[in-house]
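Read the structure below first, then the notes.
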Amino acid sequence: MRAVTQFKQGSMIIEMTTKEAATFIHSNPGTKDELVRNLDPDATFKERSYPLIVPFTPVSYNPTDVESTRQLESENGWNNGTILSTRWVKPAEKRSSSQKVAHLMITFTEPQTANLAIRDGITIDHLLLWPKKNRHEPLRCAKCQHFGHIARECIAHGDTCANCGNNHRTSDCLTKDKFFCTACNTDDHASWSCDCPSFIQKCEDTDKRYPDNTLPYFPTDEEWTHATTPSKPPPYKKMPPTTFPNNELHQQRLDDYSTRNEGNRDNSDRAPTRRAAPTRGTRLPSRGFAPS
Ligand SMILES: [Zn+2]
Ligand SMILES: [Zn+2]
Ligand SMILES: [Zn+2]
């Protein structure tokens, strides 16, 4: 055994020194049961899963329907059962009526298919989409604009605007030509800017805490899966909307985070395109992710 990591919620990760030892435990139910029984009679064994975020998924997709999951597997030439689960990142009921696409989370049972999905893209109803690994991200409060907590946990009395820094909700902002960053206390940029030095620092801190963040793939025996991306986010590309569909608090999370950390293979602004479903076993050409 190499390491045991215990989590507050009661779960633990046991890391083995060799792959053979891990495979032995996985493939011998007796050994697995005994190990778990010795830890705690009520403990259960959970297989590792590989979640990916798929931006721009049409909201017409139904992730709760088992048929849709099987259809997704066959459309992409994956074996039956490759997908453990699918769900929307943000609850569907929180969407505006005009929203056409959303972030879908697909959890795979094995890393190989998840890696190919990141490298070659996937199709959902013949629409070519580019999944990414779900990364740990710095939290920025939508109410006070400071890092480290979310609006629900905020102790500030009033709202601070992410655009101009005045005391109103960002969604109520009428200022077009003035920016203010609350975290940096400067009018150089807005609080939502990806060029914000505080944000860049938080990204680097998060990457240090979660080294997996800088790996675009799930590392396996195949060398191309060991590629890394630089931790500095790419220049900011597009302005986030300053008005939100409804009056509820808008939390700056995955949707905004997805544009950072992609290095030289940034699909985040790549529009989804239609393509014919790949024939089973056909490998699409690699889009040349260059390890740095
Ligand atoms: Zn706050
Ligand atoms: Zn404002
Ligand atoms: Zn800043």
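A single member of E223, E204 is acidic (D, E), more than 16 Å from ligand 3 (Cβ to nearest atom) and assigned by TED's automatic domain parsing to the domain that holds N166, and it is E223. Hey, any hits in region 75-83 for a residue that's of a type outside the set (D, E, K, R), outside the structural domain of T109 (by TED's automatic domain parsing), touching a Ser or Thr at 6+ places or on another chain (Cβ under 9 Å) and free of Cβ contacts under 8 Å to residues at least 40 places away in the same chain? No. Any chance region 150-158 includes a residue that's modelled with pLDDT under 90 and either within 30 Å of Y50 (Cα to Cα) or surrounded by fewer than 16 Cβ atoms within 10 Å (Cβ to Cβ) (or both)? No - not one qualifying residue is present in region 150-158. Among the criteria (1) at pLDDT 90 or above; (2) assigned to a loop (DSSP other than H, G, I, E, B); (3) out of contact with any Phe, Trp or Tyr (no Cβ under 7 Å at 6 or more places or on another chain); (4) not acidic (D, E), the one P63 does not fulfil is (3). The residues of region 138-158 that are of a type outside the set (A, V, I, L, M, F, W, C) and within 16 Å of ligand 3 (Cβ to nearest atom), listed by number, are P138, R140, Q145, H146, G148. Only a single criterion out of (1) at pLDDT 95 or above; (2) within 16 Å of ligand 1 (Cβ to nearest atom) is not satisfied by L249, namely (1). Considering region 150-166, and only residues there that are of a type outside the set (A, V, I, L, M, F, W, C) and away from ligand 1 (no atom under 14 Å from the Cβ), the residue that is nearest to S191 (Cα to Cα) turns out to be N163.
Cβ separations smaller than 6 Å between residues 6+ apart or across chains give the following pairs from region 102-122 residues that are touching a residue at least 24 places away in the same chain (Cβ under 8 Å) to residues that are among the basic types (K, R): M105/R87. Name every residue in region 162-200 that is within 14 Å of ligand 3 (Cβ to nearest atom) and over 30 Å from T214 (Cβ atoms), in order of residue number. Within region 162-200, N163, C164, G165, F180, D187 qualify. With the structure loaded, tell me whether A102 is buried (at least 18 other Cβ atoms within 10 Å of the Cβ) and either over 26 Å from A227 (Cα atoms) or in contact with a strand residue (DSSP E or B) (Cβ under 9 Å, 6 or more places away or on another chain) (or both) or whether it fails that test. Yes. Take the residues in region 124-149 that are near ligand 1 (Cβ under 10 Å from one of its atoms) and in a strand (DSSP E or B), then tell me which one is surrounded by the fewest Cβ atoms within 10 Å (Cβ to Cβ). Per the stated criteria, the residue is F147.
Output the residue which, of all residues in region 178-225 that are assigned to a helix (DSSP H, G or I) and within 16 Å of ligand 1 (Cβ to nearest atom), is surrounded by the fewest Cβ atoms within 10 Å (Cβ to Cβ).
Looking at the filtered set, the residue picked out is K202.
The single condition from (1) outside any loop (DSSP other than H, G, I, E, B); (2) within 16 Å of ligand 1 (Cβ to nearest atom); (3) at pLDDT 95 or above that A114 fails is (2).
The values are calculated or read from the model by the stated rules, or taken from the named source; none is laboratory data. These numbers come from a predicted model, not from an experiment. Please note: Cβ atoms are built from the backbone with ideal geometry, for glycine as well, and neighbour counts cover all protein chains shown.
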